[in-house]
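Heads up, the thing below is written out as structure tokens.
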């Protein structure tokens, strides 16, 4: 089925025509929106932007409110047409990263500037431009048809860029207001090829420190060498006991909860495009990490990883210094796959440390759970058809992204399937200076959001 045929069947042609007729007003409003800083880490502009969003949703006829959390507030909107119709949650975050370093911006981060078909501004891609496209998709349906094709809940949080510490509690406290069939987040970049993607899961993360101590101060390596224990050697031996040269993690019991991927997930991963030579050239590497035989996307999706992010201790300046450090610290993290938990991981690490290096202290850090929605979910077909109707191409299905986001609050706390449908270009430079969004991606996002609503309005069964 072509995108033209699909859009006609879905009744999208007049909605798409409305979007085309309002390209400039939509763009002007986006530029105005991203002029307003909302930096969660510094508590700058958060309530002002939350107020802007609740007003936007109210003007669409949604019941909208600002709900307080233990941190920054959540904006919640709801539009119900028929309890028999499916309900989709459109999730996004209105907070942005700090713009530093300011000197590397070509134009000021909160003065959106258009250059070569791209908008440059902090938060334009991550993710104000993306959730604003969702809002305009709702507006376009309402302008053309006077109603929406399905029930919609809009949830916009203000703490994603600082780890969403209040989101799980918010979900638990507002279960009755959040009854939906599934969640779609417009966030993140498209595939490097420009193809749209549907992301069905993310790995979790749990960081921790390993602290080894020797003498009560740094000591002379000649006078005390061979007598005073060196905490750096303690860490080196401990870390070596956690992973073999062949790349196998040897922390006892760590893998016990891991749920293997389904055949459909493996098939989707195996079908993802990859220019291996270009990938390696971009990173300046000549080989991949062990184990060498493990398929590329399996590494990023289906296996936990153990990373040493840094080791600190003793002298690190120019030249040499004859010293045995009094203390050494290793900063580590483990990326988790379903159904691992931070508590389970840290318990296994702690037991391993006690067994192999009982004098080393484990410092537990806050982690975030993984999330997984089955490729076989009936909503996968709904979203796929919407992308085809809007973009005219088949999307790539990514069973699990290598990074981490708070999708677990929807799959594990709210208990619904969760999908991420990115609208931003692959080189959006999110979190970096000169963050940008292609204008064409913005319009494609509005079309895709509109198509999602129309496709869902037909019911799930029609897409199976």
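The values are calculated or read from the model by the stated rules, or taken from the named source; none is laboratory data. Only a predicted model underlies this, so the values are computations on that prediction, with no experimental measurement involved. Heads up, the Cβs are rebuilt from the backbone with ideal geometry, glycines too, and the neighbour counts pull from every protein chain shown.
Output the number of residues of the range 391-413 satisfying the condition of being assigned to a helix (DSSP H, G or I), touching a helix residue (DSSP H, G or I) at 6+ places or on another chain (Cβ under 6 Å) and buried (at least 22 other Cβ atoms within 10 Å of the Cβ).
Result for the range 391-413: 1.
Filter the range 421-441 down to residues that are in a helix (DSSP H, G or I) and under 19 Å from the mean Cα position of the chain (by Cα), then give me how many there are.
1
Kindly list the number of the only condition in (1) out of contact with any helix residue (DSSP H, G or I) (no Cβ under 8 Å at 6 or more places or on another chain); (2) modelled with pLDDT under 95 that fails for residue 366.
With (1) out of contact with any helix residue (DSSP H, G or I) (no Cβ under 8 Å at 6 or more places or on another chain); (2) modelled with pLDDT under 95 applied to residue 366, the lone miss is (1).
Please count how many residues of the range 442-464 are modelled with pLDDT under 95 and part of a helix (DSSP H, G or I).
Total satisfying the criteria: 4.
If you check 425, 430, 436, which single one turns out to be surrounded by fewer than 24 Cβ atoms within 10 Å (Cβ to Cβ), within 26 Å of residue 118 (Cβ to Cβ) and in contact with a strand residue (DSSP E or B) (Cβ under 6 Å, 6 or more places away or on another chain)?
425
Quick one: residue 336 ticks every box in (1) within 18 Å of the chain's Cα centre (by Cα); (2) at pLDDT 95 or above; (3) assigned by TED's automatic domain parsing to the domain that holds residue 182 except a single one, so which number is it?
If we test residue 336 against (1) within 18 Å of the chain's Cα centre (by Cα); (2) at pLDDT 95 or above; (3) assigned by TED's automatic domain parsing to the domain that holds residue 182, just (3) comes out false.
Kindly list, by first and then second residue, each pair from a residue in the range 353-368 that is assigned by TED's automatic domain parsing to the domain that holds residue 339 to a residue that is at pLDDT 95 or above and part of a loop (DSSP other than H, G, I, E, B), limited to pairs with Cβ atoms under 6 Å and residues at least 6 apart or on different chains.
Once the first residue is assigned by TED's automatic domain parsing to the domain that holds residue 339 and sits in the range 353-368, its partners that are at pLDDT 95 or above and part of a loop (DSSP other than H, G, I, E, B) give 353/360.
Kindly indicate which of 387, 416, 375 is within 21 Å of the chain's Cα centre (by Cα) and within 18 Å of residue 87 (Cβ to Cβ).
416
Can you tell which of 96, 144 is in the same structural domain as residue 455 (by TED's automatic domain parsing) and surrounded by 23 or more Cβ atoms within 10 Å (Cβ to Cβ)?
One residue alone meets the criteria, 96.
For the range 30-68, which residues satisfy the criterion of being touching a residue at least 40 places away in the same chain (Cβ under 8 Å), surrounded by fewer than 18 Cβ atoms within 10 Å (Cβ to Cβ) and either at negative phi or touching a strand residue (DSSP E or B) at 6+ places or on another chain (Cβ under 6 Å) (or both)?
The answer is 31, 35, 36, 41, 42, 67.
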